[in-house]
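The values are calculated or read from the model by the stated rules, or taken from the named source; none is laboratory data. Treat the numbers as computed from the prediction; the structure is a model and nothing was measured. Ideal geometry is used to build each Cβ from the backbone, glycine not excepted, and the neighbour counts take in all protein chains shown.
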Amino acid sequence: MPKREKKIIVIGGGLAGLSATMKICEFKVKVTLVSFQPVKRSHSVCAQGGINAAIDTKGEGDSPEIHFYDTVKGGDFLAHQPLVRDMCHQGPAIIRLMDRMGVAFNRTPEGHLDFRRFGGTLYSRTAFAGATTGQQLVYALDEQVRRHERDGLVQKLEWHEYLGAVVDGAGVCRGAVVHDLRAGNIFAIAADAVVLATGGPGQLYARSTNSTVCTGSAAASAYHQGAKYANGEFFQIHPTAIPGQDKLRLMSESARGEGGRIWVPRDPGDNRDPLKIPEEDRYYFLEENHPLFGNLVPRDVASREIYDVVYNRKLGVGGQPMVYLDLTHQPPELLERRLGGIIDIYRKFTGQDPSRVPMKIFPAVHYSMGGLWVDYEGDGHGMIDHKSPRNQMTSIPGLYAAGEVDYQYHGANRLGANSLLSCIYTGLLIGPGVVRYCDNLDKGHDAVPSSLFDQAKKNWDNRFAEIKRMNGRENPYALHRELGDLLLTNVLIVRENKKLLETLDGIDGIEARFKDIKCLDTSDWSNPTPSFINQLYNMVHLSRIIAKGALLRDECRGAHYKPEFDLNQPDRFDPHEFIDYLEKKHYGPPREEDYPPGHLAYMQRFEANEEEWLKTTIAQYKNNGPEISYEAVDLSLVTPRPRKYD
Amino acid sequence: MTRETIALKIKRQDAPGAKPYWNVFKLPYLPHANVISCLQEIQRNPVTADGKTVTPVTWDCNCLEEVCGSCTMLINGRVRQACTALVDILEDPIVLKPMSKFPVVRDLQVDRSRMFENLKKIKGWIEIDGSYDIGEGPVFPEKIREKAYALSQCMTCGCCLEACPQFTLTNDFMGAATFSQVRYFNLHPTGAMNKEERLEAVMKSGGIADCGNAQVCVEVCPKKIPLTESIAEIGRETTLQLLKNLVLK
């Protein structure tokens with residue numbers, strides 16, 4: 001029997017999409033790569049500080065196992081452990097690969113890769129290319145994909161948007177419907193499998209560190225088609241960004257990895273030039289409250305501390321929601337060599353030089369830990385079977401997801417420099433599995449009746465015709481801003497059930513007004529408005545997943561913090577006490593006197609909370625909204641315990 | 001006196017080949033605004049200064065922090081990214097035009113695919129054996145790395161080509177960005193294995209010999225890439241290659 005030709009569609013040209021494309025091409029399988037823009041301009045270029053891999057070049061005793069532990073602990077134990085472990089063990093190979101591909105990683109005097117510190121770990125584990133690591137990694141992968149494009153294995157459809165999957169009567173994905181953003185026409189492409197590598201939904205919030213394409217629209221479309229969406233309520237707020245009108249520009253965690261210190265004046269009325277404020281009048285709150293990790297506590301912890309200092313203790317710089325991120329004590333040439341990119345951004349947007357003046361920063365919406373639910377297959381030894389077609393497959397057979405659009409590597413809070421790793425890791429992991437999936441299919445894409453594709457195209461044609469006929473009073477861009485403000489006000493660092501309920505009502509209101517939108521431009525050629533209206537519809541539905549997930553989860557975990565349900569960890573609590581407590585439980589009821597006062601009660605509260613809430617949130621589209629259920633987390637390798645970074 | 005409005009004068013064009021026209025918009029002043037936030041404001045209220053409702057202006061953008069290269073346009077006559085064009089330091093009215101050296105798609109959007117095609121011609125990649133783990137990359141000095149990094153920040157934004165008198169809408173000149181990428185890949189120990197092929201690619205029509213040495217490319221590069229150095233070096237290297245070819249072929 002002649003081997004049938006396989007075809008795979010990859011949606012998105014960031015790190016996950018490009019690495020998936022490259023890997024699939026190595027199996028000599030043709031890829032159609034669909035992207036909003038030239039792939040080189042994808043959002044992954046915004047990643048700054050670096051990429052993690054425990055190579056231990058500094059004799060600190062780091063290892064992939066410690067990286068694994070730091071990552072699951074950083075995520076408050078919500079991530080499936082074999083996946084995280086496998087990713088951390090693949091880290092060194094990924095860095096070596098990127099290095100071979102020519103990424104200009106900073107180097108040691110001997111010419112090897114250099115590493116620096118990042119948040120949530122005590123080891124120098126982050127490889128970096130100045131402070132534009134994401135950009136450099138995207139470029140290297142873009143170059144490899146261009147090479148495959150020259151060889152005819154990749155067909156790029158840039159300036160095209162994914163609208164939805166083509167799903168047959170048996171519920172199997174057989175291709176995708178895409179929208180040509182220049183010519184304006186809509187068409188269906190047949191394929192054996194479709195990979196969504198479409199990034200996160202930062203545009204749900206009025207201001208974030210995300211690029212304009214990060215609407216989450218593709219994920220929402222999959223959700224509408226029946227794919228499960230997981231852990232939506234876990235949204236990372238990055239502690240350090242420059243305030244702005246259109247965007248909050250990230251100031252990388254690497255600034256703190258290179259010695260940057262966060263502080264505010266101790267006296268809120270102290271309006272002196274920051275350089276004239278002596279050490280004793282400065283409140284280095286992260287260092288004081290967390291002596292072990294200092295400025296490099298994980299992002300959820302740092303953002304909450306900044307929030308507390310600014311809003312509860314009213315210590316923001318000049319009474320404003322801002323704190324200092326200070327690098328002025330570091331030599332300018334070090335900053336230029338290791339942080340050049342972000343120093344430049346700060347200079348361009350504020351006119352001030354971070355080597356002379358402390359930067360003024362505030363937390364900003366940054367990364368979605370949640371995303372499309374995807375499957376995986378363990379190898380039975382605490383790692384992943386790299387050949388399994390189940391890896392990274394959504395609940396729609398044949399539809400895969402990789403990168404920020406999936407959900408499974410970062411639990412309730414992502415550690416810095418782990419996202420570049422998870423994006424490339426999932427992209428590479430998908431390759432062998434998706435190819436095997438195509439091999440196993442009962443029939444190839446060319447044997448699927450064309451009526452299926454005609455119908456899918458027709459449905460989307462009708463949808464867009466309907467959008468273009470919208471002639472109401474609401475401006476879609478203004479309505480988007482309102483939705484974004486609603487989430488920014490109510491679903492951020494500190495969450496309250498009352499406000500979350502109001503948010504859900506607010507979303508209902510916005511959905512009602514959505515029907516009254518005016519399509520401001522009805523032309524065909526290069527018209528972004530109908531496309532944006534469709535994205536807005538999707539964003540309304542994604543917001544609901546996030547708000548409802550947050551409302552129902554009555555606990556504090558990672559980035560999801562509800563003061564009402566704070567378990568109030570005692571000050572001098574040692575997480576090992578909890579392990580000891582679990583051990584002793586086997587030998588009879590725990591005794592109060594075995595622990596410092598209050599600790600036993602805390603551990604019992606913690607244990608009960610874990611029992612109730614240590615589970616994955618699953619949202620499924622039912623009756624125009626998300627139906628929420630919960631699934632078990634794979635905890636087979638490390639015992640979850642209270643987090644502590646002091 | 002506090003400023004109350006921002007005026008934008010925008011050159012528009014509905015499609016390739018369509019006749020360009022101008023729209024003027026007056027927006028309420030906001031502190032820390034940049035050209036992108038102004039264009040977003042126009043989307044929310046697409047009404048011109050004389051009260052006419054128009055279609056929102058179209059433009060390309062993505063990262064909004066000058067690492068993606070997307071939002072390049074002519075702002076008060078100067079080619080640059082719109083995201084870092086801060087209203088407070090721009091002369092009013094702010095005049096926006098699409099880049100002139102690339103075909104206009106619509107309004108401020110242009111088609112820069114020619115730049116990406118050039119990257120194919122020069123084999124702008126490292127020829128790795130495959131993505132499987134075969135060990136470390138080559139060891140090389142930080143000094144070379146720094147040199148390479150300066151070149152690798154090229155966003156393919158096209159500023160250097162817009163400013164270049166040699167680069168036109170219709171000719172086949174490759175321009176500074178492409179020459180600099182040849183230098184970048186040839187600098188890498190593995191990349192250098194295909195050095196001659198890349199040099200040959202810029203020795204054809206539209207190649208380095210057509211550079212008129214106007215040196216404006218380097219002045220407009222938002223990433224301060226030493227483009228003229230790259231041009232000089234590739235110029236020398238191609239001359240050597242030419243001599244080699246004469247002797248050996």
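Go through A:Asp192, A:Asp151 for me and flag whichever is more than 28 Å from the chain's Cα centre (by Cα) and within 30 Å of A:Ile94 (Cα to Cα). Answer to the check: A:Asp151. Contact annotation: residue pairs with Cβ atoms under 6 Å, 6 or more positions apart or on different chains, pairing a residue in region A:111-124 that is farther than 17 Å from A:His238 by Cα with a partner that is among the aliphatic types (A, V, I, L, M) and part of a strand (DSSP E or B), are A:Leu113/A:Ala127; A:Phe115/A:Ala127. Applying a threshold of 6 Å to beta carbon distances and a minimum spacing of six or more residues, or different chains, the list of pairs starting in region A:512-529 at a residue that is crowded, with 19+ Cβ neighbours inside 10 Å and ending at one that is charged (D, E, K, R) and in a strand (DSSP E or B) reads A:Ile517/A:Glu474; A:Ser526/B:Arg106.
Name the residue, out of A:Val194, A:Val213, that is among the aliphatic types (A, V, I, L, M), surrounded by 24 or more Cβ atoms within 10 Å (Cβ to Cβ) and in a loop (DSSP other than H, G, I, E, B). Of A:Val194, A:Val213, the one residue that is among the aliphatic types (A, V, I, L, M), surrounded by 24 or more Cβ atoms within 10 Å (Cβ to Cβ) and in a loop (DSSP other than H, G, I, E, B) is A:Val213.
Among the residues of region B:188-220, the ones that are surrounded by 16 or more Cβ atoms within 10 Å (Cβ to Cβ) and within 13 Å of chain A (Cβ to nearest Cβ) come to 6 in all. Any residue at all in region A:103-118 that's more than 14 Å from every other protein chain (Cβ to nearest Cβ) and in a loop (DSSP other than H, G, I, E, B)? Scanning region A:103-118, I find at least one residue that is more than 14 Å from every other protein chain (Cβ to nearest Cβ) and in a loop (DSSP other than H, G, I, E, B), so the answer is yes. When A:Arg107, A:Arg116, A:Arg96 are checked against the criterion of being closer than 22 Å to A:Tyr645 by Cβ and charged (D, E, K, R), A:Arg116 stands alone in meeting it. Kindly indicate the residue of region A:369-405 that is of a type in the set (Phe, Trp, Tyr) and part of a loop (DSSP other than H, G, I, E, B) and also surrounded by the most Cβ atoms within 10 Å (Cβ to Cβ) among those meeting that condition. Out of the qualifying residues, it is A:Trp373.
Scan region A:32-49 residue by residue and report those that are away from chain B (no Cβ under 14 Å) and crowded, with 24+ Cβ neighbours inside 10 Å.
A:Val34
Of everything in region B:123-133, what is touching a helix residue (DSSP H, G or I) at 6+ places or on another chain (Cβ under 7 Å), without any contact (Cβ under 8 Å) to a residue 60 or more places away in the chain and either more than 7 Å from chain A (Cβ to nearest Cβ) or of a type outside the set (Gly, Ala, Ser) (or both)? Give them in sequence order. Hit for region B:123-133 is B:Asp133, nothing else. Pick from region A:1-17 the residues that are crowded, with 24+ Cβ neighbours inside 10 Å and touching a strand residue (DSSP E or B) at 6+ places or on another chain (Cβ under 8 Å): which of them is nearest to A:Gly433 (Cα to Cα)? In this case the residue turns out to be A:Ile8.
Can you tell me how many residues within region B:55-110 are among the basic types (Lys, Arg) and either closer than 20 Å to B:Ile6 by Cα or touching a Cys at 6+ places or on another chain (Cβ under 7 Å) (or both)? Steps first, please.
Initial filter on region B:55-110 (among the basic types (Lys, Arg)): B:78, B:80, B:97, B:101, B:106.
Still in the list and also either closer than 20 Å to B:Ile6 by Cα or touching a Cys at 6+ places or on another chain (Cβ under 7 Å) (or both): B:78, B:80, B:97.
Of the residues in region B:55-110, 3 are among the basic types (Lys, Arg) and either closer than 20 Å to B:Ile6 by Cα or touching a Cys at 6+ places or on another chain (Cβ under 7 Å) (or both).
In region A:186-244, the qualifying residues are those that are among the small types (Gly, Ala, Ser) and at positive phi, and the one that is farthest from the other protein chains (Cβ to nearest Cβ) is A:Gly226.
Inspect region A:439-452 for any residue being under 34 Å from the mean Cα position of the chain (by Cα) and among the basic types (Lys, Arg) and give the result as yes or no. Checked against the condition, which is being under 34 Å from the mean Cα position of the chain (by Cα) and among the basic types (Lys, Arg), region A:439-452 yields no hits at all. Any residue that is over 26 Å from A:Leu250 (Cβ atoms) and at the interface with chain A (Cβ under 8 Å from one of its Cβ atoms) - is there at least one of those in region B:84-93? No, every residue in region B:84-93 fails to be over 26 Å from A:Leu250 (Cβ atoms) and at the interface with chain A (Cβ under 8 Å from one of its Cβ atoms). In the set (1) within 14 Å of another protein chain (Cβ to nearest Cβ); (2) out of contact with any His (no Cβ under 7 Å at 6 or more places or on another chain); (3) not aromatic (Phe, Trp, Tyr), the condition left unmet by A:Asp267 is number (1). Set side by side, the residues B:Glu136, B:Glu233, B:Glu162, B:Glu142 differ, and just one is touching a residue at least 40 places away in the same chain (Cβ under 8 Å), among the acidic types (Asp, Glu) and either in contact with a Leu (Cβ under 9 Å, 6 or more places away or on another chain) or within 14 Å of chain A (Cβ to nearest Cβ) (or both), which is B:Glu162.
Can we say A:Asn490 is within 30 Å of A:Ala608 (Cβ to Cβ), polar (S, T, N, Q) and at pLDDT 95 or above? Spell out the reasoning first.
Numbers: within 30 Å of A:Ala608 (Cβ to Cβ): yes; polar (S, T, N, Q): yes; at pLDDT 95 or above: yes.
Spelling it out, A:Asn490 is indeed within 30 Å of A:Ala608 (Cβ to Cβ), polar (S, T, N, Q) and at pLDDT 95 or above.
Being over 26 Å from A:Met251 (Cβ atoms) and without any contact (Cβ under 8 Å) to a residue 40 or more places away in the chain holds for only one residue in A:Pro38, A:Pro64, A:Pro82, and it is A:Pro64. Inspection of region A:217-232 finds a residue satisfying the criterion of being in contact with a strand residue (DSSP E or B) (Cβ under 8 Å, 6 or more places away or on another chain), of a type in the set (D, E, K, R), farther than 23 Å from A:Leu296 by Cα and in a loop (DSSP other than H, G, I, E, B). If only residues of region A:128-171 that are within 11 Å of another protein chain (Cβ to nearest Cβ) and in a strand (DSSP E or B) are counted, the one that is surrounded by the most Cβ atoms within 10 Å (Cβ to Cβ) is A:Lys156. If you go through region A:608-624 and pick out every residue that is in a helix (DSSP H, G or I) and either surrounded by fewer than 16 Cβ atoms within 10 Å (Cβ to Cβ) or in contact with a helix residue (DSSP H, G or I) (Cβ under 7 Å, 6 or more places away or on another chain) (or both), you end up with 3. Against the conditions (1) part of a loop (DSSP other than H, G, I, E, B); (2) among the β-branched types (Val, Ile, Thr); (3) within 11 Å of another protein chain (Cβ to nearest Cβ), A:Ile95 satisfies every one except (1). Flag: B:Ala192 does not match the condition of being over 15 Å from B:Glu117 (Cα atoms) and in contact with a strand residue (DSSP E or B) (Cβ under 9 Å, 6 or more places away or on another chain). Under the condition of being within 14 Å of another protein chain (Cβ to nearest Cβ) and basic (Lys, Arg), which residue from region A:245-264 is surrounded by the fewest Cβ atoms within 10 Å (Cβ to Cβ)? Applying the filter and picking the extreme gives A:Arg249.
For region B:165-187, how many residues are within 14 Å of chain A (Cβ to nearest Cβ) and farther than 18 Å from B:Asp111 by Cα?
Here is the first cut: in region B:165-187, the ones within 14 Å of chain A (Cβ to nearest Cβ) are B:177-178, B:180-187.
Subset that is farther than 18 Å from B:Asp111 by Cα: B:180-187.
Count: 8.
Quick one: A:Leu286 ticks every box in (1) of a type in the set (A, V, I, L, M, F, W, C); (2) within 29 Å of A:Leu420 (Cα to Cα); (3) not in a helix (DSSP H, G or I) except a single one, so which number is it? For A:Leu286, the failing item is (3).
For region B:162-198, which positions are among the charged types (D, E, K, R) and touching a helix residue (DSSP H, G or I) at 6+ places or on another chain (Cβ under 6 Å)?
Correct list: B:Arg183, B:Lys195, B:Arg198.
Counting only residues that are more than 18 Å from the chain's Cα centre (by Cα), give me the helices (runs of 4 or more DSSP H) lying completely in region B:187-249 with at least 3 of them. So the answer is B:195-201, B:227-248.
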